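The values are calculated or read from the model by the stated rules, or taken from the named source; none is laboratory data. Here the structure is a predicted model, which means the values were calculated and not measured. Counting neighbours? That spans all protein chains shown, and the Cβs are built from the backbone with ideal geometry, glycine included. Side chains are part of the model used for accessible areas, which takes the heavy atoms of the whole protein and leaves out ligands, DNA and RNA. Shrake-Rupley method; radii C 1.70, N 1.55, O 1.52, S 1.80 Å.
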Amino acid sequence: MKTLVLLAAFAVAPVLHAQTQWKLATGYRAESFHTRNLVQFAQDVERASAGALHIEVHANNALFKLNEIPQAVQEGKAQAGETIMTNLVRDIPIAGADAVPFVVRSYADARRMWDVQRPLIESHMASKGLKALYAVPWPPQGLFSINPVRSSADFKGTRMRTYNPGTVRIAELLGATPVDVPMVEVNQALSAGKLDSMITSALTGVENQVWGQIKQYYGINAWFPKNIVFVNQQAFDALPAPARQAVTKAAAEAETRGWAMSAAVAEESVTELQRKGIKVDRAPADFDAELKRLGERFSREWVRSVGSEANQIFIPYYTQR
């Protein structure tokens with residue numbers, strides 16, 4: 001009888017200790033708060049699933065480049081991934097709501113935007129065999145300037161750093177000359193007198209140590225781009241029910257934690273800019289009003305370019321405050 005019990009134990013043991021291995025690809029550095037949040041998410045899943053699911057996070061484009069990750073997860077080359085939502089625009093145009101300037105002006109606005117955007121994003125991703133798990137914003141985009149700014153008139157005859165069509169359009173509407181400069185070359189361009197201003201986050205400014213020529217930082221909160229984390233739907237469906245529940249619960253916790261981390265990083269970055277001698281201020285009222293009008297203009301243009309589905313985001317966003 002004892003022999004039968006031992007044999008039964010050995011037969012069951014491999015099933016109890018079977019572990020599913022997932023690879024999660026991200027393009028961001030291991031030190032990024034987004035990646036640190038991902039690692040915590042993976043640890044939470046493994047703990048909550050009692051070891052049934054192990055998620056290995058591959059940072060810094062090590063597994064796939066950032067813009068390749070959605071396709072790689074869709075094809076099952078990785079089970080999960082993270083990318084910035086604007087990378088999805090070609091296949092999911094409404095993901096571009098994240099990059100419409102001067103529409104989302106606070107973390108509360110960003111949350112409202114995600115609340116109305118999420119069902120549409122989930123539906124589009126599901127049609128591609130992907131399951132959206134959670135999204136977390138980057139700190140807001142602010143204005144760095146060599147000289148004080150009181151209104152859009154102060155940009156006339158100046159040069160603004162640009163890096164995509166959206167920032168080129170902003171520069172042109174403000175009357176500045178757009179100058180395409182990679183972030184790694186910004187300090188060199190500033191020292192050479194080729195730039196007068198740029199729009200980027202306080203975090204990016206700290207990471208690239210832009211103090212020196214830059215004297216001003218205005219918290220204009222131009223937009224709050226979000227990263228989204230997603231999984232291959234088939235891989236998710238193949239998990240046992242407790243493991244699926246563990247992933248869903250850990251994702252909800254990662255979203256809450258990630259938004260708090262983003263806000264904390266934003267505040268810490270602004271404080272660091274001040275420590276380095278950059279004057280930090282809010283946009284003057286007249287200039288802020290001009291930016292709001294620009295936001296309305298960009299919104300109309302974006303709706304025209306995307307089509308009727310864009311109204312499913314902006315109509316509730318603007319009316320359900």
Subject >> Amide hydrogen neighbours beyond the local backbone of Ile220, cut-off 5 Å, H modeled >> reply: Leu143
**OP:** Determine by what factor the alpha-carbon radius of gyration of the range 257-321 differs from 2.2 N^0.38 Å, reporting the quotient.
**Re:** 1.57
Original post:
Which of Glu185, Glu255, Glu68 moves the most in a Gaussian network model of the chain with Cα springs under 10 Å?
Top reply: Glu185
**OP:** Work out how far the C-alpha atoms of the range 63-165 reach from end to end along every principal axis, then list the three figures in whole Å, largest first.
**Re:** 50, 29, 20
**OP:** For every helix of n ≥ 4 consecutive DSSP H residues, a contribution of -39,500 (n - 2.57) applies; sum these over the chain, divide by its total residues, and give [θ] at 222 nm rounded to the nearest 500 deg cm²/dmol.
**Re:** -15000 deg cm²/dmol
Subject >> With Cα atoms, 0 to 90° folded angle of helix 33-48 axis to the chain main axis >> reply: 20 degrees
**OP:** Might you tell me the accessible area per residue for the range 192-321, computed with a 1.4 Å probe and given in Å²?
**Re:** 49 Å²
**OP:** For the chain, compute the number of Lys pairs whose alpha carbons are separated by less than 17 Å, excluding pairs fewer than 8 positions apart on the same chain.
**Re:** 12
Original post:
When the chain is treated as a GNM, springs tying every alpha-carbon pair under 10 Å, which of Asp196, Asp281, Asp98 comes out with the largest mean-square fluctuation?
Top reply: Asp281
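Using a Förster distance of 22 angstrom, determine the FRET efficiency expected from the C-beta separation of Met183 and Lys215, and round it to 0.05. Please report the intermediate quantities before stating the final value.
Values: r = 19 Å, r/R0 = 0.86.
Given R0 = 22 Å and the Cβ-Cβ separation, E is 0.70.
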**OP:** Pick out which of Gln216, Gln233, Gln245 has the largest mean-square fluctuation in a Gaussian network model of the chain, springs linking Cα atoms closer than 10 Å.
**Re:** Gln245
Original post:
To the nearest 10 degrees, how steeply does helix 285-306 sit against the main Cα axis of the chain, on a 0 to 90 scale?
Top reply: 50 degrees
**OP:** Show Arg118, Arg36 ordered by accessible area, largest first, where the area counts protein heavy atoms only and the probe is 1.4 Å.
**Re:** Arg36, Arg118
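As an exercise, use a Förster radius of 30 Å and the Cβ-Cβ distance of Ala260 and Gln233 to find the FRET efficiency, rounded to the nearest 0.05. Write out the running numbers ahead of the final one.
Details: r = 28 Å, r/R0 = 0.95.
Rounded to the nearest 0.05, the efficiency is 0.60.
Heavy atoms only, probe 1.4 Å: what % of the accessible area of the range 53-207 goes to carbon and sulfur, would you let me know? Walk me through the intermediate numbers first.
Working: 3110 of 6240 Å².
Carbon-and-sulfur percentage of accessible area, whole number: 50.
Assigning unit charges at the beta carbon (Lys, Arg +1; Asp, Glu -1) and nothing else, what dipole magnitude in debye, to the nearest 20, does the chain show about its Cα centre? List each step's numbers first, then the result.
Values: 35 positive and 31 negative charges, 34 e Å.
Computed about the Cα centre, the dipole is about 160 debye.
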**OP:** Treating the angle as unsigned and between 0 and 90°, give the value, to the nearest 10°, between the Cα long axis of helix 241-275 and the longest Cα principal axis of the chain.
**Re:** 30 degrees
Original post:
So what's the Cα pair-distance distribution over the range 133-195, bin width 5 Å, in %?
Top reply: 3, 16, 24, 24, 17, 7, 4, 2, 1, 0
